[in-house]
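Please read the structure below before turning to the comments.
Each reported figure results from applying straightforward, stated rules to the coordinates on display, with no laboratory input. Quantities reported herein were computed from a predicted structural model and do not represent experimental measurements. Here Cβ is always computed from backbone atoms with ideal geometry, including for glycine, and neighbour counts include all displayed protein chains.
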């Protein structure tokens, strides 16, 4: 393990998420171990179905009723996975907040925006509704909702998608959480306002000192905001490291494929973008080998029946890890 | 909000006017008339009677007379029940139908919603199965089967309650109310359960849970409103239908309500009574629909803000 400069704020240890389905059990997250330092921004990248969002739901106790989380998720020394619903409610919305993917449906259509903001403060901090609402309006102002005092009294359907996601950000940061979980916060938004919303989230995260876990399939978003990146495939971490180091020298064939599939402005225009052959793996039973092996151009015998462990890449500096037999140190 | 109510009332008035016109003319399109059946009567007598009820006038004049009467809340004399006006008939029957219907719908709403909520929150529990069974029985078995069974058991065997009639005060009303409530309990509990399960899956409920405000508050502030909207939409028209009397209930339990007039009046070609009953049911239906819309608009700002 690389030495950490500080005690991690969040430490996932062999986190698994399984779902019971009529056809049998499927594994969505398969032994993920990650550390997050206070104030750090970690990006979790992966294709649809790679299990990236389920990691966040597991932490929040929001898995679907047929889902089950295993392993440990230590947050400030407390295992979130072992908490009861009532104990979780003392963490959710206070020390840990979450922003969801679809702002159009994630706000309560029957409640004034300001009341949805104030609710958490009233319940958790015992504030009066009046002062909690005032606090809510101040926060709306900070996420740059124009004319916040008037708009606060409106209902969500009177807001645009971008404004609703800013309301979600305001709601999540109102309690000054130590940890902010963001599940593809800009996927549902117009391309033109994605950057605005992301920058706002990062800026406010820095101001309040919150660490952020940002789940996305957009490598551009990761490069823009994240200190560190974990690449997820088939529910496993394929590669991990400081964002810049990982993008400069990807060690895993999957990461290289992802980067090749990303359009870049600085290189000369190639006729076509790179693609990764095959279809992404999603769920399914436990695997013996590497989940990416069937699609991997560099695959060899060991890949299909021996699971590569996540091992440090010493030549690439601290915190760089990959799970590929090709980059394993010779034993 | 006032504009919203005003608009709904205006639309309701238009609907009612259309209803009055249509019923009036459709009724007269049907062959025969109030005095054109069974007993042979001399043409002079026939003419006299028809003159007394203004049936000899041209149709548009009859219509004008009728509309003028409606505006003065006078529905005219019954052609079948001698010496009774339609107002008298409705006034004598409506209180019974109203009492039975009112309590039936109150009980149905309370029990139905309770069963539906319990079923949705504890899916596949004993309560859920009990509610499901009541739902199937209440919808599948008609009142004219359940009614006599209830009479046989509670009245004849246990002798707790009278078989029928209205002579024993509230005791006479218990069975009709419960039997009338049963199918509504069934419908309401099913609507509640389905919409509750749907609402629990909604994204904004997940947001509320993520805020950690506690399960009880999630339910009361973030789930119930959305889950009950379809129930309220059902309750409006159902209430109008139930309080205007059920012919089955009134026949099985010998209650002199107005439900029986629905069928009798049409069979007897009792023009004024048919019109009166239609008008009563129509206006109640429109009124309760408006009430439903208003309640839904209070709960759901998206309905309130439509245009």
Exercise. Sort the range A:173-232 into rounded, prolate or oblate with this rule: let a ≥ b ≥ c be the square roots of the eigenvalues of the Cα gyration tensor; rounded if a/c is under 1.5, and if a/c is not under 1.5, prolate when a/b is larger than b/c, oblate otherwise.
Key: oblate
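Starting with the fewest neighbours, write out B:196, A:171 ranked by other beta-carbon atoms found within 10 Å of each beta-carbon.
Taking fewest neighbouring Cβ atoms as first place, the list is B:196, A:171.
Is the C-alpha gyration tensor of chain B telling us rounded, prolate or oblate? Criteria: a/c under 1.5 is rounded; beyond that, a/b larger than b/c is prolate, otherwise oblate.
Details: a/c = 3.24, a/b = 1.59, b/c = 2.04.
Because a/c hits 1.5 or more and a/b fails to exceed b/c, chain B counts as oblate.
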Practice problem: Return the Rg/Rh value of the protein assembly as shown, two decimal places, where both radii are evaluated on C-alpha atoms and Rh is the Kirkwood radius. | Solution: 1.16
Quiz prompt | Contour minus Cα-Cα distance for residue B:220 and residue B:168 (0.36 nm per residue) | solution = 14.5 nm
Exercise. Count, for each residue of B:215-221, the Cβ atoms from other chains sitting within 10 Å of its Cβ, then give me the mean as a whole number.
Key: 2
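Average partner chain C-beta neighbours within 10 Å, per residue of A:107-113? Before the final figure, lay out each step's value.
Values: counts 4, 11, 7, 11, 6, 1, 0.
Counting other chains' Cβ atoms within 10 Å and averaging over A:107-113 gives 6.
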Quiz item: Among bridges DSSP assigns within chain A, what percent are antiparallel (round to 5)?
Solution: 60 percent
Quiz item: Quick one: length gained pulling residue A:131 to residue A:85 fully straight, 0.36 nm per residue minus the C-alpha distance?
Solution: 13.8 nm
Quiz prompt | Global size of chain A as Cα Rg and Dmax, reported in angstrom | solution = 20.6, 66
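Peptides B:271-284, A:291-304, A:129-142: what's the order by average Cβ count within 10 Å, highest mean first? If you can, show how the numbers build up before the last one.
Values: B:271-284: 21.4, A:291-304: 16.9, A:129-142: 18.7.
Ranking the peptides B:271-284, A:291-304, A:129-142 by packing returns B:271-284, A:129-142, A:291-304.
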Exercise. Between residue B:266 and residue B:46, with labels modelled 7 Å along Cα→Cβ, what's the label distance in nm to one decimal, could you check?
Key: 2.6 nm
Quiz item: Using r as the Cβ-Cβ distance of residue A:297 and residue A:208, and R0 as 60 Å, what FRET efficiency do you calculate, to the nearest 0.05?
Solution: 0.85
Self-check item: Theoretical ellipticity at 222 nm over chain B - DSSP helices of four or more residues, -39500 (n - 2.57) apiece, nearest 500
Solution: -23500 deg cm²/dmol
Quiz item: What spacing in nm lies between the two simple spin-label points modelled at residue A:153 and residue B:306, each 7 Å away from Cα in the Cβ direction?
Solution: 2.5 nm
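So if R0 is 22 Å, what FRET efficiency would residue B:197 and residue A:23 give, r being the distance between their Cβ atoms, rounded to the nearest 0.05? Write out the running numbers ahead of the final one.
On the way: r = 23 Å, r/R0 = 1.03.
For residue B:197 and residue A:23, the calculated efficiency is 0.45.
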Quiz item: Taking the Cα atoms only, what angle lies between the long axis of helix A:161-173 and the longest principal axis of chain A, rounded to 10 degrees?
Solution: 90 degrees
Practice problem: Could you order peptides B:4-10, A:315-321 by the average number of other Cβ atoms within 10 Å of their residues, highest first? | Solution: A:315-321, B:4-10
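Need one value for A:79-91: mean number of C-beta atoms belonging to other chains within 10 Å of its residues' C-beta atoms. It would help to have the intermediate numbers written out before the result.
Working: counts 0, 0, 0, 0, 0, 0, 4, 3, 0, 3, 8, 2, 1.
Rounded to a whole number, the mean comes out at 2.
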Quiz item: What is chain B's relative contact order, in percent, from Cα pairs under 8 angstrom and six or more apart in sequence?
Solution: 27 percent
Self-check item: 0 to 90° range, to nearest 10: angle between helix A:129-142 axis and chain A longest Cα axis
Solution: 50 degrees
Quiz prompt | Cα long-axis angle, helix B:170-200 against chain B (0 to 90 degrees, to the nearest 10) | solution = 50 degrees
Quiz item: Suppose R0 equals 41 Å; then what is the FRET efficiency for residue A:286 and residue A:315 from their Cβ-Cβ distance, rounded to the nearest 0.05?
Solution: 0.85
Quiz prompt | Cα-projected label distance for residue B:114 with residue B:149, points at 7 Å along beta-carbon direction, nm | solution = 2.2 nm
Exercise. Before anything else, pin down the relative contact order of chain A: Cα pairs under 8 Å, at least 6 apart, normalised by residue count, whole percent.
Key: 21 percent
Exercise. Please report how far the C-alpha centroid of the range A:273-331 lies from that of the range A:172-213, rounded to the nearest whole angstrom.
Key: 31 Å
